[in-house]
Amino acid sequence: MTDETTTTETDETPDAVEPEPTPDDLSGDATEKGGDDPESFPRDYVERLRKEAADARVRAKDRDDLAERLHLALVTATGRLADPTDLPYDEAHLEDEAALTAAVDALLARKPHLASRRPAGSVGQGAMTAAEPVSLLGLMRART
């Protein structure tokens, strides 16, 4: 007869070491893991901070919208462009009038067809003073 002996092996190691936590493991809330973390904050405090941050983002967006409207108004006030939206927004134009003028000059040098076509000066139309008699010969001499 043969001797049958069975050997059992165990997978247990006497000094099992837990793996170090990964950043994914640390992303959860401390209360979800069941522990009290001394670096966690009360829920109402966190909600208040989140609300303040959201309000700050809304104010920043409003500020950006107002800054763009101001830029458009400043470009319109120069009267040098037919369409003031042709000059792209730049915050430097709000702070420095010379920078705005230089930007308009540079744009018109590159693209002269964007210039305003509004007539300026006397174009020979409109109401004239009635104190002077109208002289056709005087008008023709003035044009040459």
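What the phi angles of region 78-89 give under the Karplus curve with 6.51, -1.76 and 1.60, with θ = phi - 60°, is a coupling list of 5, x, 9, 10, 5, 10, x, 6, 5, 8, x, 5 Hz, glycine and proline written as x. Along the Cα-to-C-beta direction of residue 111, a point sits 7 Å from the Cα; which residues of region 59-74 have their amide N less than 18 Å from that point? Correct set: 71-74.
Charge tally for residue 44 (other residues, Cβ to Cβ under 12 Å; Lys, Arg +1; Asp, Glu -1): +3. If you take every residue apart from residue 125 with its C-beta less than 14 Å away from the C-beta of residue 125, what net charge results, scoring Lys and Arg +1 and Asp and Glu -1? Within the 14 Å Cβ shell, the charges total +2. Summing +1 for each Lys or Arg and -1 for each Asp or Glu among the other residues whose beta-carbon sits under 12 angstrom from that of residue 116 gives +1.
For residue 116, the residues whose modelled amide H falls within less than 5 Å of its own, excluding neighbours fewer than 5 places apart on the same chain, are 81, 82. Checking every one of the trypsin sites (Lys or Arg not before Pro) in region 46-144 against DSSP loop status and a limit of 16 other Cβ atoms within 10 Å picks out 117.
Site pair residue 49 and residue 102 shows an inter-label distance of 4.3 nm when each label is modelled 7 Å from Cα along Cα→Cβ. Going by a ≥ b ≥ c, the root eigenvalues of the Cα gyration tensor, does region 39-115 fall in the rounded group (a/c under 1.5), the prolate group (a/b larger than b/c) or the oblate group? The shape class here is prolate.
Quick note: the coordinates plus some simple rules give every number you see, no bench work behind them. The shown structure was predicted, so the numbers you read here are calculated from the model rather than taken from an experiment. Note: ideal-geometry Cβ built from the backbone for every residue, glycine included; neighbour counts use all protein chains shown.
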